[in-house]
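Please read the structure below before turning to the comments.
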Amino acid sequence: MKNKILVTGGTGYIGSHIVVELQNSGFAVVIADNLCNSKKEIVIQIEKITGVKPDFELVDLKDSGATLQLFEKHKDLSGVIHFAAYKAVGESMEFPLIYYHNNLFSLINTLQAMLKHNINNFVFSSSCTVYGDPDSLPVDEKAVVKPPISPYGNTKQISEEIISDTINTSSLQSISLRYFNPVGAHSSGLIGELPLGVPNNLVPFITQTAIGKRDVLKVFGNDYPTPDGTCIRDYIHVEDLAKAHVAAVERMIGQKQKENCEIFNLGTGAGNSVLEVIKTFEKTSGVKLRYQFADRRPGDIPEVWADTSLANNVLGWKARKNLDDMMRSAWIWEQNLAKGKIF
Ligand code: NAD
Ligand code: UFG
């Protein structure tokens, strides 16, 4: 019998890549998503890649009754990976209550249903945003959690606390994965990021500018205290991220956790500047990108990259793909979307 994993937010950008990796690693998957930021057709795309159609449940996890019903229907779960959340930093500044409501209620309802059904393995999507502007680099998991800059960031901090408190009073065990900057698309070119409206993030803005959907990329600030003046981030390929989730699930199911609440950074361990990302995109795509320097974006920190030793040594996972792979796959995905090959 295959171990069955519930993936909340599984038709989303990161979730869909994890579903593929789970299925390719022999897990059965149930996706629960309300499609507020993804499309049902992603289930078909996943089937094209893996040959297996994952179960799909249209559920709004803000609704506690609907969440309980989901768990009544799927009593045989070995674990849950929780991606369902809103994720746009700027939007969260404008609509904080909508962010707190969705991200926290979805988490609480999921945990309550897990406790009710004695499902104890929980993997959570956290973010390097919890480190704020770190005191030293690379940043490791022991670094102080800084006051959040945005309500979105605060939902990640509060979520980590809710999980920790729940663990202290139940048999739940969790692994929180703090992502740095996930980018790129699946090597099949069949799934990738689908930003709604104007993208906030660098890589989808680059590919949309290159394809002609946007006029010009604004580089937010070229006067930072970095070698070329632009911000530095630790970009990680979404396929590498997917492999780390499978390693986390296998660790939990195999009862290998040393503590009931573990936290791992997921990055490559190296930083790249915005200009380096642009140059790598131009090199791998052969497209000259239209970009101009603009004012700094409020809330951006100059630089951050991960110390990944813990994930490397304890999870036995290491990011393998480089910035060329990230840009190449993101560009293939954008072109496939433009050619109408996906939807
Ligand atoms: P995404 O928006 O593509 O995926 C999230 C999915 O959750 C979507 O399919 C959406 O429809 C679903 N969802 C949202 N609220 C829901 C609800 N109430 N009930 C059911 N489904 C709901 O985002 P993503 O980039 O794949 O991010 C996944 C997770 O990773 C999020 O928790 C996000 O905060 C976290 N994360 C993302 C990044 C990043 O840069 N993409 C970085 C750090 C952490
Ligand atoms: N940038 C530009 N122009 C753009 C978009 C971004 O110059 O049009 C720059 C930003 O200023 C930043 C870098 O590109 O220096 C990366 O920006 P992103 O918006 O792609 O990513 P962030 O590092 O700001 O944030 C990401 C996720 C957040 C998450 C955070 C930490 O979007 O959800 O990483 O995990 F909280």
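The values are calculated or read from the model by the stated rules, or taken from the named source; none is laboratory data. The structure displayed is predicted, hence computed values, not measured ones. Cβ atoms come from the backbone with ideal geometry, glycine included; neighbour counts cover every protein chain shown. Remember, those area values only see protein heavy atoms, side chains included, never the ligands or the DNA or RNA. Shrake-Rupley method; radii C 1.70, N 1.55, O 1.52, S 1.80 Å.
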Those residues of the range 150-197 which are open to solvent by 10 Å² or more (accessible area, probe 1.4 Å), part of a loop (DSSP other than H, G, I, E, B) and more than 14 Å from ligand 1 (Cβ to nearest atom) amount to THR169, SER170, SER171, SER187, SER188, LEU190
Checked the range 204-240 for anything out of contact with any helix residue (DSSP H, G or I) (no Cβ under 9 Å at 6 or more places or on another chain), part of a helix (DSSP H, G or I) and either open to solvent by 10 Å² or more (accessible area, probe 1.4 Å) or free of Cβ contacts under 8 Å to residues at least 40 places away in the same chain (or both); matches are PHE205
Restricted to the range 1-45 and to residues being part of a helix (DSSP H, G or I) and β-branched (Val, Ile, Thr), the residue nearest to ligand 2 (Cβ to nearest atom) is ILE14
Over the range 262-274, the set of residues crowded, with 19+ Cβ neighbours inside 10 Å and either touching a Cys at 6+ places or on another chain (Cβ under 7 Å) or closer than 19 Å to ARG233 by Cβ (or both) is PHE264, ASN265, LEU266, GLY267, THR268, GLY271, ASN272, SER273, VAL274
Considering only the range 321-339, I want to know if a residue exists there that is over 22 Å from the mean Cα position of the chain (by Cα) and without any contact (Cβ under 8 Å) to a residue 60 or more places away in the chain.
yes
The residue from LYS279, LYS258 that alone is closer than 30 Å to ASN168 by Cβ, among the basic types (Lys, Arg) and out of contact with any strand residue (DSSP E or B) (no Cβ under 8 Å at 6 or more places or on another chain) is LYS258
Q. Can we say LYS48 is of a type outside the set (Asp, Glu), assigned to a helix (DSSP H, G or I) and surrounded by fewer than 17 Cβ atoms within 10 Å (Cβ to Cβ)?
A. yes
In the set GLU259, GLU282, GLU250, the lone residue that is within 25 Å of ILE42 (Cβ to Cβ) and either more than 17 Å from the chain's Cα centre (by Cα) or loosely packed, with under 15 Cβ neighbours inside 10 Å (or both) is GLU250
Residue hits (the range 76-118; within 12 Å of ligand 1 (Cβ to nearest atom), among the hydrophobic types (A, V, I, L, M, F, W, C) and either in a helix (DSSP H, G or I) or more than 21 Å from PRO148 (Cβ to Cβ) (or both)) are ILE81, VAL89, ILE98, LEU104, PHE105, LEU107, ILE108
It is to be established whether one or more residues within the range 116-130 are over 25 Å from GLY269 (Cα atoms) and open to solvent by 50 Å² or more (accessible area, probe 1.4 Å).
yes
Pairs returned, first residue in the range 259-277 that is of a type in the set (Asp, Glu), second residue that is more than 15 Å from ligand 2 (Cβ to nearest atom), beta-carbon separation under 6 angstrom, 6 or more apart or interchain, are GLU262/ILE175
Residue set SER164, SER125; condition within 16 Å of ligand 2 (Cβ to nearest atom) and in contact (Cβ under 8 Å) with a residue 24 or more places away in the chain; output residue SER125
